[in-house]
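The values are calculated or read from the model by the stated rules, or taken from the named source; none is laboratory data. Quantities reported herein were computed from a predicted structural model and do not represent experimental measurements. Cβ sites come from the backbone with ideal geometry, for glycine too, and all protein chains shown count toward neighbours. Ligands, DNA and RNA are stripped out before the accessible areas are found, and what is left, the full protein with its side chains, is counted by its heavy atoms. Shrake-Rupley method; radii C 1.70, N 1.55, O 1.52, S 1.80 Å.
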Amino acid sequence: MIKGSLTGRIGRIAGDSRPERVLIAASFVNRVGNGLFNAASALYFTLVVGLPAVQVGAALTIAGLIGLCAGIPGGHLADRRGARTIMMLALAVQAMSMAALVLVESWAALTIIAAVDQIAAAVGGAAWGALVVRVGGDRPALFRAKLRTFVNLGVVLGTVGAGLALAVDTRGAYVTLILGNAASFALCAGLLLLLPRYPVLAAPPQQRRWLAFADRPFLTFTALYGAMGLQYPVVSLLLPIWISEHTEAPRWTVAALFAVNAAFCVLMQTRIGSRIETPHDGGSDGGRGKVQMCGQPSPG
């Protein structure tokens, strides 16, 4: 009943096919949870658990590097075993690892749990991209823009809850945010059960390994996009710590900044994405600074 009501409401707003509504609903739920967690995670580990900011940053850096190694194998798994199945498994692992964060009391525990989470996130991200292409049909760029709009709307709603918890500023409030994010992973996985079973792709013909390294435009774009992606750790890790330790601003200001960033993306992304039909269109709009890198990297 809850799943049907949620996908129905979002469908009336988005006006998409049923698989599109399901994927939008799943993304929305997941990002509400992310909004709860992302605005408060750095403060939880530094202020509540008591870990130095340097240790928190080191743990997340190590976890991120480990997660990088899982993306390509995750993509192969999604192609061979089905993107929906792999995505659901990755979400289940993230739900458990997120819930386990409330037990963290040391740098080693944070590093191990965060590494498991990042491996699952990388595998799930590869599977999610395949799902978006399958569900998006003939206009995947427009569907992705709509998807990102609801993703950021979810972040806005989640950060409202995070702001309330930051204002309360108790361990129980922070733990509630973490468990709320864990629940969002589980519910997202449940919603994906409503997607059709897309056929598994046939194995492509064998090609020379590391072929992408011979594509200079691709390498240039990847390097520039990666550099732009540095905004994510700045917003989610460094900015909250700086506000709490080096300014007199109330801690709920962290959540407010997340909400403003996500709200701007809600207003702009579908309007911009609707004009993009080809890779050239995407490159032109991105080069003119018209495509915002908003929110957090998605599982969706």
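Number of residues in region 106-141 that are free of Cβ contacts under 8 Å to residues at least 60 places away in the same chain and either assigned to a helix (DSSP H, G or I) or under 15 Å from the mean Cα position of the chain (by Cα) (or both) equals 21. Which one of the conditions (1) within 14 Å of the chain's Cα centre (by Cα); (2) modelled with pLDDT of 80 or more does R144 fail to meet, given that it meets all the rest? Condition not satisfied by R144: (2). Kindly establish whether F28 is farther than 23 Å from R144 by Cα and of a type in the set (F, W, Y). It is false that F28 is farther than 23 Å from R144 by Cα and of a type in the set (F, W, Y). Could you identify the single residue in L164, L103 that is free of Cβ contacts under 8 Å to residues at least 24 places away in the same chain, within 18 Å of S41 (Cβ to Cβ) and open to solvent by 30 Å² or more (accessible area, probe 1.4 Å)? Only one candidate passes the filter, namely L103. If you filter region 61-87 down to residues that are touching a helix residue (DSSP H, G or I) at 6+ places or on another chain (Cβ under 6 Å), open to solvent by 20 Å² or more (accessible area, probe 1.4 Å) and of a type in the set (A, V, I, L, M, F, W, C), you find that the one that is modelled with the lowest pLDDT is L77.
Of all the numbered requirements in (1) in contact (Cβ under 8 Å) with a residue 40 or more places away in the chain; (2) open to solvent by 80 Å² or more (accessible area, probe 1.4 Å), F218 misses one, and that requirement is (1). Residue-level analysis places A95 among those that are closer than 17 Å to L193 by Cα and either aliphatic (A, V, I, L, M) or more than 18 Å from the chain's Cα centre (by Cα) (or both).
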